[in-house]
1. Residue by residue through the range 12-33, note down the ones that are crowded, with 16+ Cβ neighbours inside 10 Å and either in contact with a Lys or Arg (Cβ under 9 Å, 6 or more places away or on another chain) or of a type in the set (D, E, K, R) (or both).
2. Residues LYS8, LYS44: which one is open to solvent by 70 Å² or more (accessible area, probe 1.4 Å) and in a helix (DSSP H, G or I)?
3. Just a yes or no: is a residue in the range 58-66 modelled with pLDDT under 95, closer than 25 Å to ILE10 by Cα and touching a Ser or Thr at 6+ places or on another chain (Cβ under 8 Å)?
4. Considering only residues that are part of a loop (DSSP other than H, G, I, E, B), of a type in the set (Ser, Thr, Tyr) and over 12 Å from the mean Cα position of the chain (by Cα), which ones fall in the range 27-41?
5. Going through ILE76, ILE2 one at a time, which residue ends up being assigned to a loop (DSSP other than H, G, I, E, B), open to solvent by less than 40 Å² (accessible area, probe 1.4 Å) and hydrophobic (A, V, I, L, M, F, W, C)?
Amino acid sequence: MIPRRQSKSIKVGTATIGGGAPIIVQSMTKTDTRDIQATVTQIKELEGCGCEIVRLAVPDSQAAQAISTIKKKTSIPIIADIHLTTDWR
């Protein structure tokens, strides 16, 4: 088995990454983040399968605004995967 590289631990919500902490499961939703209900449903499904951190695609400001509502309806840490474009205002 390949030895793990020494690293510093960080907290992402309730999850600890690195520093000898157990490896955690992370996934990304396939839904349009602007579709709040579909995204919340998929996050809950991922959590039920053991996912501990979830990433959401954020292609525009409408998707970014949806994150606060999504966060209120879910309990695992959310990471925004921001896709930079020039249409953000």
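1. Of everything in the range 12-33, those that are crowded, with 16+ Cβ neighbours inside 10 Å and either in contact with a Lys or Arg (Cβ under 9 Å, 6 or more places away or on another chain) or of a type in the set (D, E, K, R) (or both) turn out to be ILE17, GLN26, SER27, THR29.
2. Values: LYS8 fails: in a helix (DSSP H, G or I).
Just one listed residue meets the conditions, LYS44.
3. yes
4. Pass one, the range 27-41, residues part of a loop (DSSP other than H, G, I, E, B): 29-35.
Adding the requirement that they be of a type in the set (Ser, Thr, Tyr) leaves 29, 31, 33.
Within the range 27-41, just THR31 meets the criteria.
5. Numbers: ILE2 fails: open to solvent by less than 40 Å² (accessible area, probe 1.4 Å).
Sole residue among the options that is assigned to a loop (DSSP other than H, G, I, E, B), open to solvent by less than 40 Å² (accessible area, probe 1.4 Å) and hydrophobic (A, V, I, L, M, F, W, C): ILE76.
The values are calculated or read from the model by the stated rules, or taken from the named source; none is laboratory data. This structure is a prediction, so every number in the text was calculated from the model and none was measured. Quick reminder, even Gly has a Cβ in these numbers, built from the backbone with ideal geometry, and neighbours come from all protein chains shown. The accessibility values were calculated without ligands, DNA or RNA, using every heavy atom of the protein model including side chains. Shrake-Rupley method; radii C 1.70, N 1.55, O 1.52, S 1.80 Å.
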